[in-house]
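Asks: Okay, handing you the structure first.
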C-alpha cells in the first residue's frame, strides 16, 4: 500500500509519511512551549541548521532554547535525498568566476570541513544513520563529458582532492545496469545517509547537552529591543540573541530575508524491497547518484535494498495529487527495467534555493543571525552553518565572514512575483534538459 499523503505534508505533532519516518530511530517527544521563558540564545528551526547551532552553542556554555513548529527533523532535513556532497552547490569553475580563485579555495575547504563535521557528529554521538561513502555524478548529455574530465583533473591537481575519478560510459553502464548516462565522476570522499535519523540523533545530542527543546511551538512573530521577544501561541521566550534556521519554511516570519530565497517542492519515492541481488544490478557499488539535469534526478539504495528516487518537476505551490505516479515516470526514464516494481512510499517537502545557489548567511542588526538557501546541498552546509553561527556569537567571525560576504540577489519580482518568474525559468531549463 502506498503511503502518499502529499497535501497533509505531516501535520503538527507528526512527521510526514515517508520511508524515512517508517524506518526512523526512536523519537523523543519534546513539550510545547507554554508560559514565559528566558535564555541567552533562542534558535528557531529544528532542522540541521538549528540543531547544529543549538548543540554548538550549548557546548560553548550558552543557555539555549530551540523552538520547532512541528517535530525535530520535520522539514527538508528529514525528507531529502540524504547526499553529503563535496564542495559547495556550485562547481569550482563557476565559484572561481563568482568570487575569485582564493575565495573559491576557502569555500572548497569549508565544504570539506562540512563533511568532516557531519561524520564527527555521527561518531561522537553514536548516531545510527546508515552513513556510506560514494556519490556518482552522471552526465545525461555526451557533450558534458569533457567538462567532467576537466573537473577531475582540476580537483586532483589544483585542490589536492584525490578521492574523485572519471567514469567512462561503459563503466557507468556496468555500475548502474543501464545506458542512460554517458559517464561522469565518482567521488568516494562524499557520502550518503538516512537524513531523518541524522536529525533525530542531533536532537537527542542537543537534549543530552541541556538544550531546552520545544516542539509544536510555531513562532508567530518576534520583537527587537534590548532583548528579543519571541512569541508562540502559548508562550514567549526572551533572549539576548536569535538564530533563524527556518530555510524553506521561513514563510512570512522575516520579510527582510524572504525575497532572497525561493521555496521549491522536492519529491521522493521508495520502491518495495528489491533484494540484494537486484539492488546490486542497478547500483553495483551502493553509491548515491546525482545527474546533470537542471531539474535533477538523484537516487540511491536504502539499507533494506529499496531504490530511493528523487526527481520530477513541479510548478505550483502544492504537491501533485498522485505523487507516486508523478515521480515513478521519471524513475522509469532512468530505469525502465523497474516497470514491475511497486512504490511503497512517496513524499515531498520544501527546500530553499538562492539565485546563485550559494548559501545566504548573515546578520540582521546586532543580535539576529540567519542561514538559509542551501539549494539542495544542506546536509553538510547547513550543519556547518550552525557551527559557524555559534562561533560568531562567541566572537570568532572568520568562517562566518566568508559566507556573509558571498554575493546574494533577490529573486526578480520580489516576494509577490518571485514564484511565477521562477516557474518561467524552470520551464526554460527543463526544456533544455530534454534537448
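Asks: I want to verify the translational diffusion coefficient of region 169-288 in µm²/s; compute it with Stokes-Einstein, Rh as the Kirkwood radius over Cα pairs, at 4 °C and 1.567 mPa s.
Replies: Taking Rh from Cα pairs, D becomes 67 µm²/s.
Asks: Using the alpha carbon gyration tensor of region 55-101, what are the three equivalent-ellipsoid semi-axes (square root of 5 times each eigenvalue), largest first, in whole Å?
Replies: 31, 19, 9
Asks: Something else: Return the equivalent ellipsoid semi-axes of region 86-171 as a descending list in whole Å, where each equals the square root of 5 times an eigenvalue of the C-alpha gyration tensor.
Replies: 25, 19, 10
Asks: Under a GNM of the chain (C-alpha, springs under 10 Å), which listed residue has the highest mean-square fluctuation: 292, 53, 18?
Replies: Comparing 292, 53, 18 in a Gaussian network model of the chain, the most mobile one is 292.
Asks: Which values, in whole Å and largest first, are the semi-axes of the equivalent ellipsoid of region 132-183 obtained as the square root of 5 times each eigenvalue of the Cα gyration tensor?
Replies: Equivalent ellipsoid of region 132-183: 20, 14, 7 Å, largest first.
Asks: In addition: Based on Cα positions only, what radius of gyration and what Dmax would you give for region 152-222, in angstroms?
Replies: Answer for region 152-222, Rg first and Dmax second: 21.0, 57 Å.
Asks: Could you give me D for region 1-135, from Stokes-Einstein at 37 °C and 0.692 mPa s, where the hydrodynamic radius is the Kirkwood radius over C-alpha pairs? Units µm² s⁻¹, please.
Replies: Here the translational diffusion coefficient equals 186 µm²/s.
Asks: Out of 174, 160, 29, any idea which swings most in a Gaussian network model of the chain, alpha carbons joined below 10 Å?
Replies: Between 174, 160, 29, it is 160 that shows the largest mean-square fluctuation.
Asks: Expressed in nm², what is the orientationally averaged projection area of the convex hull enclosing the Cα positions of region 226-266?
Replies: 3.9
Asks: Using a Gaussian network model of the chain whose springs link C-alpha atoms within less than 10 Å, name the residue from 338, 55, 193 with the highest mean-square fluctuation.
Replies: In this elastic network of the chain, the residue with the biggest mean-square fluctuation among 338, 55, 193 is 338.
Asks: In the chain, how does Rg compare with the Kirkwood Rh, expressed as the Rg/Rh ratio over alpha carbon atoms?
Replies: My calculation puts Rg/Rh at 0.95.
Asks: Given the peptides 138-146, 223-231, 258-266, arrange them by the average over their residues of other C-beta atoms within 10 Å, most packed first.
Replies: Going by the mean number of other Cβ atoms within 10 Å, highest first, we get 258-266, 138-146, 223-231.
Asks: If you don't mind, another one. With contacts defined as alpha carbon pairs under 8 Å and 6 or more residues apart, what's the relative contact order of the chain in percent?
Replies: Across the chain, relative contact order equals 24 percent.
Asks: Express the C-alpha Rg of region 230-378 as a ratio against the empirical globular expectation 2.2 N^0.38 Å, rounded to two decimals.
Replies: Values: Rg = 19.2 Å, N = 149, 2.2 N^0.38 = 14.7 Å.
The reported ratio for this selection is 1.30.
Asks: For region 21-124, what is the relative contact order in percent, using Cα pairs closer than 8 Å and at least 6 residues apart in sequence? Provide the component values of the computation, followed by the final result.
Replies: Details: 77 pairs, mean separation 20.5, N = 104.
With pairs under 8 Å counted, the relative contact order is 20 percent.
Asks: Calculate for the chain the 222 nm mean residue ellipticity that helices alone would give, adding -39,500 (n - 2.57) per DSSP H run of length 4 or more and normalising by residue count, nearest 500 deg cm²/dmol.
Replies: Value at 222 nm, helices only, nearest 500: -11000 deg cm²/dmol.
Read-outs: derived from the displayed coordinates by stated rules, not from any lab. Here the structure is a predicted model, which means the values were calculated and not measured. Glycine also receives a Cβ, built like all others from the backbone with ideal geometry; neighbour counts cover every protein chain displayed.
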